[in-house]
1. Report the rotationally averaged projected area of the chain based on its alpha-carbon convex hull, in square nanometres.
2. What is the pair-distance distribution P(r) of region 72-174, computed from all Cα-Cα distances in 5 Å bins starting at 0, with each bin given as a whole percent?
3. How big is the Cα convex hull of region 146-193 in projection, averaged over all directions, in nm²?
4. Have a look at Gly143, Gly133, Thr173 and report the one farthest towards the positive end of the charge dipole of region 131-189, computed about the Cα centre with Cβ charges (Lys/Arg +1, Asp/Glu -1).
5. Over all directions, the average projected area of the alpha-carbon convex hull for region 157-310 comes to how many nm²?
6. If you roll a 1.4 Å probe over region 1-137 with all protein chains in place, what percent of the accessible area is carbon or sulfur?
7. May I ask for the percentage of alpha-carbon pairs in region 60-129 that lie more than 18 Å from each other?
8. ³J(HN,Hα) across region 64-75 via Karplus (A = 6.51, B = -1.76, C = 1.60, θ = phi - 60°), whole Hz, x for Gly/Pro?
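The values are calculated or read from the model by the stated rules, or taken from the named source; none is laboratory data. Source: prediction; values computed, not measured. FYI the Cβ positions are ideal-geometry reconstructions off the backbone, even for glycines, and counts take in every protein chain you see. Accessible surface is based on the protein model in full, side chains and every heavy atom, while ligands, DNA and RNA are left aside. Shrake-Rupley method; radii C 1.70, N 1.55, O 1.52, S 1.80 Å.
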Amino acid sequence: MVGGRGEIMTDLYVCADGITEAIASGQPVVALETTVVTHGLPHPDGLAAGMAVEDEIRQSGAIPATIGILRGAIRVGLTRAELNELATIPDVVKVNLSNLAATIAAGRPGATTVAATMVAAHATGIRVFATGGIGGVHRDASGDVSADLTALSRVPIAVVCAGAKAILDLPRTVEMLETLGVPVLGLATDEFPAFYRRSSGIPLDSRMETIEELASAVRTHFALGLETGVLIANPIPASDELPAETYEQALETALSDAARQEVRGRRVTPFLLERLRALSEGESVRANLALLTNNARVAAQLARALAQSV
């Protein structure tokens, strides 16, 4: 099977009805991850968020393609039934670049992280991906760096996000992106967003005021053949960001709890997000949903602008 823009596909990829045709005909398609459904938010909030983000993309004039792993294949464009199946299966694997092949080969269900979603989206010809926040460099001295940064350094796709997850070392994450040659384009912002907060105090080199200006920069990046992703930094709406005191206190406590309980590896992010939910009395979940839908809207607009230029 051949995907859009000449990508060769195998039986490891299964595209939903209409997705392959939409990509091949140049229609605007936006990829979506599934870890937010299975690991990022408690059930059924994760499932509701996944469906709300898809609806936002449709309402903004693009086609959502949620990506996950079921029955030994990467499925691009999960149906509502498949998304519900993935959300309710116990012990779904959180899939990144290191365990992607093993998960598929074992026939295990998997939820794709930013890194795995980028790989699958690019392989099937999708150029725009919407997420909440990327992974990055962790705050401790463990040397833990998310595979999301590896993917951004070698997969040419535009990723719309609200910065990196607030639990990370944001200054070091931004430095790593620069080292890897990944451009970070701020949409109506001069600073790297801090996920639940609009500002981190970390300046960005490039600010874009409009979707058209953003699309032009993304299009030029792809045309230059630089072979890296492009990160679009899209802050959470001002009305939805967490109050600074709530955010800082909850984050400090969550990080302290993780250190005391010696939480490591892939368990860190789900643990901290759950602690933030409890400590903020659910306010972090509300903010998370707001930034997800905001990113989906921008990603759909960007996909439409890029499609119009083909």
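1. Values: hull surface 57.4 nm².
Over every viewing direction, the Cα hull of the chain projects on average to 14.4 nm².
2. 2, 12, 20, 22, 21, 14, 7, 2, 0
3. Its average projected convex-hull area is 3.3 nm².
4. Highest projection toward the positive end goes to Gly133.
5. 9.4 nm²
6. 56 percent
7. 33 percent
8. 3J(HN,Hα) across region 64-75, in whole Hz: x, 9, 6, 10, x, 10, 9, 6, x, 8, 7, 9.
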